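Please read the structure below before turning to the comments.
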Amino acid sequence: MAPPPPPDPAKMQQIQHFLTSVLSQRGPTSLPYAETTKWLIRQHLLNLITSYSSLDPKTAPFTHNDGRSAILLQAEGTIPMPFQGVSYNIPVVIWLLESYPNDPPRVYVNPTRDMIIKRPHSNVSPSGLVSLPYLQAWVYPSSNLLDLAAHLSAAFSRDPPLYSQRRPQSSPSIGSPSIGSGFSRPSPSPPIGSGYSPSPSIGSGYSPSPSPSPPIGSGYSPSPSIGSGYSQPSPSPPIGSGYARPPPSSFNHQQQYQQHQHQQTEDAAEVYKRNAVNKLVETIHVDLVMMRTAREAEAEGLITLQATLKRREEELTRGLHEMVSEKETLEQELQIISMNTDVLESWVRENQGKSENLIVDLDVVGFDSAFVCMETLSRQMLECTASDLAVEDAVYAMDKSFRDGVLSFDQYLRSVRLLSREQFFYRAMGEKVRGMQMEAQVGSIAARLQL
């Protein structure tokens, strides 16, 4: 089998841009493939089309057996099939399902109107679905589309899946054998550049030979039928020329020459238009990529700024709560200070006139008469405080006597133990009396506030 022609660089560039565009889309219009496998899908398709330039990638709706429909990628075109020394083109469609490349693609034979599927076939069902051992043993990531196309070509070479459908002719041309003479005329083949070639009938007992593909409207030379018992090859035009050898007629030759010149002019204008569109699309794509990169960077900056502002907001909220709590504590302390101030002012007002009439004569007025307790709790508090201080003075005096050697160690310890026990009870009583006084003061202040 002759190697396939190298792909057109301009076509490959268009295919690369197409695959990059459809696989980089996001949102509801994006293709249903995993983000981690889109780059691998692009590489598989590019490798396939580089080796089989007759295949073209495109997107189309695919309906599953359960009725679900999705827009998927497909590679549509022809795969060369060498059979008995002649290369034929088998039209196929390779669908890449949502789970590709973890699961194998779905391959269909796509016959034209002049072709029918061979029944039965070992690898192709009547609906055109292809089943190969390579598809059944598909293993990710070693399996790929390029190897699949090679296995398709090899399997079709062993057992071609398509027949050329012969159409009956209403009247034979001059010089062609009649219907009863054992010859039949096959239908004309499509043009060479169309991508589809007729497949030979299996079991006919002859070696197929290619015939020239005439253009539309230019007559064609009759070929012997499959059952004629011999094969008569006719000269083949160069691949890609787009037209067959004209008959030896000056009028037809001039007409075809004018058509060819007009087609070349149209092709040149079409190529210029296509190149301009491709250049514009490429420029727009580059601009969009740059704008997208800039917007993504700007979005990242805004997200970082938003996180910083959120953190600062939390810090301010926490600080505000702490300040509110501290304010409440200060208000409570201020209320206590106000209560104590009221008590002191009340005491000063009550005892302001007593200081003027006080006779400071130690011989007449004793120390005990200098302080007058107005209530029982105050008198108890005075007695407990006086006793506590007296015990403290006694302990101090004994300590000094012990250091001077006047008091023995045993007497010092025994006396200190007794005095400390007595001092403990005085202090406990003083704390209890102080608590009762605070409760009485709070109650009196609250009663005055209510009034």
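Residues in region 250-293 that are at pLDDT 85 or above and either among the hydrophobic types (A, V, I, L, M, F, W, C) or not in a helix (DSSP H, G or I) (or both): ALA276, VAL277, LEU280, VAL281, ILE284, VAL286, LEU288, VAL289, MET290, MET291. Contact annotation: residue pairs with Cβ atoms under 9 Å, 6 or more positions apart or on different chains, pairing a residue in region 52-69 that is on the phi < 0 side of the Ramachandran plot with a partner that is at pLDDT 90 or above and of a type in the set (Asp, Glu), are LEU55/GLU76; ASP56/GLU76; PRO57/GLU76; LYS58/GLU76; ALA60/GLU76.
Does LEU45 qualify as being open to solvent by less than 10 Å² (accessible area, probe 1.4 Å), under 22 Å from MET12 (Cβ atoms) and part of a helix (DSSP H, G or I)? Yes; evaluated as a whole, the condition is true for this residue.
Scan region 398-419 for residues that are assigned to a helix (DSSP H, G or I) and open to solvent by 50 Å² or more (accessible area, probe 1.4 Å) and jot them down.
Of all residues in region 398-419, those assigned to a helix (DSSP H, G or I) come to 398-404, 409-419.
Hits for region 398-419 are LYS400, PHE402, ARG403, ASP404, PHE409, ASP410, GLN411, LEU413, ARG414, ARG417, LEU418.
State all residues of region 107-132 that are surrounded by fewer than 16 Cβ atoms within 10 Å (Cβ to Cβ) and small (Gly, Ala, Ser); if no residue qualifies, say none. Result: SER122, SER125, SER127, SER131.
Filtered by the rule that a residue be assigned to a strand (DSSP E or B), under 42 Å from the mean Cα position of the chain (by Cα) and touching a residue at least 24 places away in the same chain (Cβ under 8 Å), region 82-98 gives ASN89, ILE90, PRO91, VAL92, ILE94, TRP95, LEU96. If you go through region 49-80 and keep only what is open to solvent by 40 Å² or more (accessible area, probe 1.4 Å) and touching a strand residue (DSSP E or B) at 6+ places or on another chain (Cβ under 7 Å), you end up with SER54, ASP56, LYS58, THR59, PRO61, THR63, SER69, ILE71, GLU76. Find the residue count for region 81-106, including only residues that are touching a Ser or Thr at 6+ places or on another chain (Cβ under 9 Å), buried (at least 18 other Cβ atoms within 10 Å of the Cβ) and within 27 Å of TYR140 (Cβ to Cβ). Selection size over region 81-106: 5. Restricting the first member to region 322-340 and to residues that are in contact (Cβ under 8 Å) with a residue 40 or more places away in the chain, and the second to residues that are assigned to a helix (DSSP H, G or I) and not polar (S, T, N, Q), the beta-carbon pairs closer than 6 Å and six or more apart or on different chains are MET339/ILE445.
For region 101-150, enumerate the residues that are under 21 Å from SER51 (Cβ atoms), assigned to a strand (DSSP E or B) and of a type in the set (A, V, I, L, M, F, W, C). Within region 101-150, VAL107, VAL109, VAL130 qualify.
Residues in region 391-447 that are of a type in the set (S, T, N, Q) and closer than 30 Å to GLN332 by Cβ: GLN437, GLN441, SER444. Among the residues in region 2-22, are any of a type outside the set (S, T, N, Q), over 23 Å from LEU288 (Cβ atoms), touching a Phe, Trp or Tyr at 6+ places or on another chain (Cβ under 8 Å) and not in a strand (DSSP E or B)? Yes, there is a match, as at least one residue in region 2-22 is of a type outside the set (S, T, N, Q), over 23 Å from LEU288 (Cβ atoms), touching a Phe, Trp or Tyr at 6+ places or on another chain (Cβ under 8 Å) and not in a strand (DSSP E or B).
Looking at GLU350, GLU298, can you tell me which residue is over 30 Å from LYS11 (Cβ atoms), surrounded by 10 or more Cβ atoms within 10 Å (Cβ to Cβ) and at pLDDT below 90? Working first, answer last.
Working: GLU298 fails: at pLDDT below 90.
Being over 30 Å from LYS11 (Cβ atoms), surrounded by 10 or more Cβ atoms within 10 Å (Cβ to Cβ) and at pLDDT below 90 holds for just one of GLU350, GLU298, which is GLU350.
Residues that are among the small types (Gly, Ala, Ser) and more than 19 Å from the chain's Cα centre (by Cα) were ranked within region 1-47; the one that is modelled with the highest pLDDT is ALA10.
The values are calculated or read from the model by the stated rules, or taken from the named source; none is laboratory data. Since the structure is predicted, the reported quantities are computational estimates derived from the model, not experimental observations. Don't worry about glycine lacking a Cβ; one is built from the backbone with ideal geometry, like all the others, and counts go over all protein chains shown. Side chains included, ligands, DNA and RNA excluded: accessible areas come from the protein's heavy atoms. Shrake-Rupley method; radii C 1.70, N 1.55, O 1.52, S 1.80 Å.
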